[in-house]
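> Sending over a structure as structure tokens; questions will come in a sec.
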Amino acid sequence: MKSTLPLALALGLFGALAQPAEAASLRISPIGVDMPAGQRAASMTLVNTGADPVSLQLRIFKWSQANGEEVLEPATDMLVSPPATTIPPGASYTVRVARESNAPVQNELSYRVFIDELPKPVDPRTVGQGVSMVLRTSLPVFVVDPKAFAKLSWKVWQDASGLHADATNSGGRHAKITGLTVRPDGGAPLVFGAGLNGYVLAASHKRFDLKLDPKAKSLAPGTVVKLTAQDDNMPVEESLHVESQ
């Protein structure tokens, strides 16, 4: 039986942005890896910008989507090296992700690397002076067919929990969705978030949820809406009818 983890464990950064990541005293670049299918390994650079050493644990999980939700399970065909390290102040360190198989890739493979900052040793003189927070960062890794592309179809519906936009990706490459907005015909835009909304993995579907003010007017089935977003730098624009659910 496969062991799976809810993606709610992915605290902190959850997505590949265009620039290096920086959280607490750790800078990571790049913060997402697209590895061509014929390539066996790729690397990321971790930089400790703080004044103290930082100890890290690194793990990699197979990433999929089922019933519109995110699923993680331990990866058996991809490794991250080293699994743990300590980076001195001001120093940088190279981390590698590598495939353990050279089997042909028929569909895009998707993973997430988790980088956890380990708690510093407790000084008994400081016990009771507060809780020490640690960093957890989650980064996407894809093994891609450079010729593949995402192919999205959308549907929108509303229920008591809010507004929902469901994206189905029938293509062979992930879609990275930002700035997802639904605008009713003649109404104000309903914004799911101006930044990164999430990924729709290859041959998968993903549901995006937006809580609405209970006092807001509901969108009846059949209402015409315009859905807009960006997939990387490609515009997404669909005219849809709100569906019953």
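> Any residue at all in the range 131-139 that is loosely packed, with under 13 Cβ neighbours inside 10 Å and of a type in the set (Ser, Thr, Tyr)?
Within the range 131-139, one or more residues are loosely packed, with under 13 Cβ neighbours inside 10 Å and of a type in the set (Ser, Thr, Tyr).
> Right, another one. Among the residues of the range 87-96, is any at pLDDT 95 or above, part of a strand (DSSP E or B), within 19 Å of residue 144 (Cβ to Cβ) and not charged (D, E, K, R)?
no
> Now for a different question. Restricting to the range 194-216, what's the tally of residues that are touching a strand residue (DSSP E or B) at 6+ places or on another chain (Cβ under 9 Å) and loosely packed, with under 12 Cβ neighbours inside 10 Å?
Qualifying residue count for the region: 3.
> Continuing with the same structure: I'd like the full set of residues that are at pLDDT 95 or above and outside any loop (DSSP other than H, G, I, E, B), limited to the range 205-229.
206, 207, 208, 209, 210, 224, 225, 226, 227, 228, 229
> Also, quick follow-up: Quick one: is residue 71 part of a strand (DSSP E or B) and closer than 30 Å to residue 164 by Cα?
Answer is yes for this residue.
> Here's something else I'd like to know. Yes or no: the range 185-201 includes at least one residue that is touching a residue at least 40 places away in the same chain (Cβ under 8 Å), in a loop (DSSP other than H, G, I, E, B), over 29 Å from residue 140 (Cβ atoms) and not assigned by TED's automatic domain parsing to the domain that holds residue 64.
Within the range 185-201, one or more residues are touching a residue at least 40 places away in the same chain (Cβ under 8 Å), in a loop (DSSP other than H, G, I, E, B), over 29 Å from residue 140 (Cβ atoms) and not assigned by TED's automatic domain parsing to the domain that holds residue 64.
> Let me ask something additional. Mind checking which residues of the range 74-104 are crowded, with 18+ Cβ neighbours inside 10 Å and either in the same structural domain as residue 201 (by TED's automatic domain parsing) or of a type in the set (A, V, I, L, M) (or both)?
75, 78, 80, 87, 95, 97, listed by residue number.
> Which of the residues belonging to the range 105-124 are farther than 24 Å from residue 88 by Cβ and modelled with pLDDT under 85?
The answer is 105, 106, 107, 124.
Listed here are the residues, each with its yes/no results for (1) closer than 23 Å to residue 175 by Cα; (2) of a type outside the set (Ser, Thr, Tyr).
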| site | (1), (2) |
| --- | --- |
| 206 | yes, yes |
| 212 | no, yes |
| 223 | no, no |
| 230 | yes, yes |
| 234 | yes, yes |
| 241 | yes, yes |
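> Let me ask you something else. Which condition does residue 116 not pass, out of (1) buried (at least 16 other Cβ atoms within 10 Å of the Cβ); (2) in contact with a Pro (Cβ under 6 Å, 6 or more places away or on another chain), if it passes all the others?
(2)
> Follow-up. Can you tell me how many residues in the range 26-73 are surrounded by fewer than 17 Cβ atoms within 10 Å (Cβ to Cβ) and in contact with a Lys or Arg (Cβ under 7 Å, 6 or more places away or on another chain)?
Going through the range 26-73 one residue at a time, the tally reaches 6.
> Any residue in the range 179-193 that is under 19 Å from residue 32 (Cβ atoms), modelled with pLDDT under 95 and surrounded by fewer than 21 Cβ atoms within 10 Å (Cβ to Cβ)?
Yes.
> Can you name every residue in the range 154-174 that is touching a residue at least 60 places away in the same chain (Cβ under 8 Å), assigned to a strand (DSSP E or B) and within 16 Å of residue 206 (Cβ to Cβ)?
Passing the criteria: 154, 155, 156, 157, 164, 165, 166.
The values are calculated or read from the model by the stated rules, or taken from the named source; none is laboratory data. The shown structure was predicted, so the numbers you read here are calculated from the model rather than taken from an experiment. Neighbour counts are summed over all protein chains in view; Cβ atoms, including those assigned to glycine, are modelled from backbone coordinates with ideal geometry.
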